[in-house]
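**Student:** Please find one structure pasted underneath; my questions will follow.
The values are calculated or read from the model by the stated rules, or taken from the named source; none is laboratory data. For clarity, every value in this text was computed on a predicted model and none was experimentally measured. Cβ placement follows ideal geometry from the backbone for every residue including glycine, while neighbour counts extend to all protein chains displayed. Side chains included, ligands, DNA and RNA excluded: accessible areas come from the protein's heavy atoms. Shrake-Rupley method; radii C 1.70, N 1.55, O 1.52, S 1.80 Å.
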Amino acid sequence: MIRLPTRASDGRANLHMGGMGVGVDLVTGVTTHGVLGRKTATTHPDLGTPIVGVAVPQWEEILTIAARCYDAVPLGFLGVDVVLDAQLGPLVLEMNARPGLTIQLANGRGVRLRMEEVARREVTGLTPAERVALGRDLATTSGCSASRRRA
């Protein structure tokens with residue numbers, strides 16, 4: 001999920017403060033669905049620009065960085081906030097032991113089925129690349145990929 005600041009959120013990207021959540025297809029890195037509060041949105045409320053169908057820059061690197069965070073903080077389930085710096089590229093802003101589950105609204109899909117599937121698999125010792133591949137596989141087979149949703 002991408003979090004976008006709005007005027008209502010006073011320039012912060014916190015969803016509970018009026019920021020916007022935008023779902024991202026894990027496989028393609030293209031935005032799929034937006035929420036503002038509990039309402040679906042297809043454009044940014046202040047800019048009027050489309051938020052669906054936008055390719056996230058450096059998506060592969062972002063996924064790898066997020067997957068590598070597990071090695072640094074092996075909590076089993078964590079949220080990784082990544083920012084895109086104009087000069088340095090993707091950087092970890094913070095890691096959350098209890099990430100908000102609003103990502104379910106932004107992506108238009110629940111996470112329970114994917115979490116249950118991970119629990120059924122042997123995931124100990126996977127490399128970051130293998131964790132990224134697993135996530136993409138689950139996105140495709142669990143129906144959370146945008147291309148699968150439209151099928």
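**Student:** If each of residue 78 and residue 92 carries a label point 7 Å out from its Cα toward its Cβ, how far apart are those two points in nm?
**Tutor:** 0.6
**Student:** Then there is this: What nm value, rounded to one decimal, do you get for the distance between residue 68 and residue 55 when each label is placed 7 Å out toward the C-beta?
**Tutor:** With each label placed 7 Å out from Cα toward Cβ, I get 2.3 nm.
**Student:** Hey, can you rank 107-117, 12-22 by average C-beta count inside 10 Å, highest first? Each step should come with its number before you reach the end.
**Tutor:** Working: 107-117: 15.5, 12-22: 17.7.
Output ranking for 107-117, 12-22: 12-22, 107-117.
**Student:** Express the accessible area of the chain per residue in Å², computed with a 1.4 Å probe while the remaining protein chains stay in the model.
**Tutor:** 61
**Student:** A further question on this structure: Relative to the present Cα-Cα distance, how much length would full extension add between residue 137 and residue 17 at 0.36 nm per residue of separation?
**Tutor:** 39.9 nm
**Student:** Net charge around residue 16, counting only other residues with Cβ within less than 13 Å of its Cβ (Lys, Arg = +1; Asp, Glu = -1)?
**Tutor:** +2
**Student:** I've got another one for you. Quick one: net charge around residue 68, please, counting Lys, Arg +1 and Asp, Glu -1 for every other residue with C-beta under 13 Å from its C-beta.
**Tutor:** On the way: positive: 131; negative: 60, 61, 71, 130.
Combined, the nearby Lys, Arg, Asp and Glu give -3.
**Student:** Sticking with this structure for a sec: Run the dipole for the chain about the Cα centre, Lys and Arg Cβ at +1, Asp and Glu Cβ at -1, nothing else charged, and hand back the magnitude in debye, nearest 20. Walk me through the numbers before you get to the answer.
**Tutor:** Details: 17 positive and 14 negative charges, 134 e Å.
Here the chain has a charge dipole of around 640 debye.
**Student:** So what is the relative contact order for the chain, in percent, with contacts set as C-alpha pairs under 8 Å and at least six apart?
**Tutor:** On the way: 227 pairs, mean separation 29.3, N = 151.
This gives 19 percent for the chain.
**Student:** Using a 1.4 Å probe on the protein heavy atoms, what percent of the accessible area of segment 1-67 belongs to carbon and sulfur?
**Tutor:** Details: 2100 of 3650 Å².
Within segment 1-67, the accessible surface is 58 percent carbon and sulfur.
**Student:** Given the rule -39500 (n - 2.57) for each run of at least 4 DSSP H residues, summed and divided by the residues of the chain, what is its mean residue ellipticity at 222 nm, to the nearest 500 deg cm²/dmol?
**Tutor:** One gets -9000 deg cm²/dmol as the mean residue ellipticity at 222 nm.
**Student:** Here's a follow-up. Give the Kirkwood hydrodynamic radius (Å, one decimal) of segment 1-49, defined as one over the mean of 1/r across all pairs of different Cα atoms.
**Tutor:** 10.7
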